[in-house]
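See below for the structure under consideration.
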Amino acid sequence: MAGRAPVKKLRIGSVAPNFEADSTQGRLNFYDYIGKGWAILCCFPDDFETVATTELIVLSFLQEQFAQRDVKLLALSTQNQPTEDGSQYLSHKKWVQDVNDISPKPMEFPIMTDKDGYLSRLYNILDKSDAENLSGGVETTTGLAFKSRTFLVIGPLKQGVHFIRLILNYPAAVGFSSELLRVVDALQVADSTRVCTPGNWCGQDVIIPKSVPDEEARKIFPNYKPIKPYLRLVELPPKEEEVRVESVYFLKGALASINSTLENGQPSLQVGDEQYGIEPIA
């Protein structure tokens with residue numbers, strides 16, 4: 001992509017800039033790929049990076065659950081790994097192949113290429129030293145091997161644009177968690193039911209915003225419970241279908257999966273061929 005994008009300060013509520021980029025699934029227009037729904041843009045420092053590889057495995061495991069929530073996944077990498085003879089850079093497809101060799105579910109979302117660092121600047125996914133180097137006039141021609149990894153939750157189409165709803169930035173040594181799935185659920189519940197979600201929310205009671213007067217709250221949420229005058233909890237009506245929660249972990253040198261149901265059924269931990277019960281905290 002020609003040109004050099006300025007380093008912008010994107011925050012929650014900022015418009016997510018549209019762009020085009022080459023990917024493992026061909027040339028993509030970001031907005032066309034998302035459509036009218038949600039998206040998570042996963043920004044990685046480079047192909048074949050150790051922590052990022054495990055994160056792609058987790059995302060591949062969760063991709064069906066994101067799809068159920070109308071969330072498209074797509075990754076971004078600088079493609080900064082040369083071939084053995086140094087004549088060109090390794091294809092992202094080789095990284096996808098490595099992920100699929102390990103992952104119990106094949107990776108179905110694309111990895112986009114940021115060869116010249118344009119998208120890294122456009123979305124401000126640089127750590128402090130990278131940003132300082134860029135401001136010093138360092139030219140980049142082979143991508144930006146930035147240290148941190150950033151995950152951006154992009155909201156559904158409104159007034160012709162998509163807005164950034166959440167930004168998670170992780171240092172090099174720390175892998176992300178399936179917290180992404182939880183916050184998507186929380187955002188979608190808040191959007192659809194005029195509520196807020198409390199700390200550590202995983203489908204339990206929600207909070208009636210202070211902007212809703214008591215009289216109106218009694219009509220909308222007749223069974224709410226006031227904890228404090230400003231803190232009113234209410235139980236969400238149950239969904240017609242159970243919400244299945246699955247995730248995958250690295251444990252004892254192997255991949256482990258936890259399968260559970262929110263309404264009933266005890267969670268269990270599957271490690272290889274062995275299965276362990278997990279006792280809920282009383």
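Pairs linking a residue in the range 187-203 that is part of a helix (DSSP H, G or I) to a residue that is surrounded by 14 or more Cβ atoms within 10 Å (Cβ to Cβ) and at pLDDT below 90, with Cβ atoms under 8 Å and 6 or more positions apart or on different chains, are 189/236; 193/236. Of the residues making up the range 180-199, just one is surrounded by fewer than 17 Cβ atoms within 10 Å (Cβ to Cβ) and within 17 Å of residue 61 (Cβ to Cβ), namely 182.
Checked against the criterion of being at pLDDT 70 or above and among the acidic types (Asp, Glu), the range 111-130 has at least one qualifying residue.
What about residue 202, is it within 25 Å of residue 152 (Cα to Cα) and modelled with pLDDT under 90? Criteria met by residue 202. Residues of the range 50-79 that are acidic (Asp, Glu) and under 14 Å from residue 103 (Cβ atoms): 55, 64.
For the range 204-232: of the residues being crowded, with 17+ Cβ neighbours inside 10 Å and of a type outside the set (Val, Ile, Thr), which is farthest from residue 54 (Cα to Cα)? Top of the filtered list is 217.
The values are calculated or read from the model by the stated rules, or taken from the named source; none is laboratory data. On a predicted model such as this, the values are computed, not experimentally measured, just so you know. For neighbour counting, all protein chains shown are included, and Cβ atoms are generated from backbone atoms with ideal geometry for every residue, glycine included.
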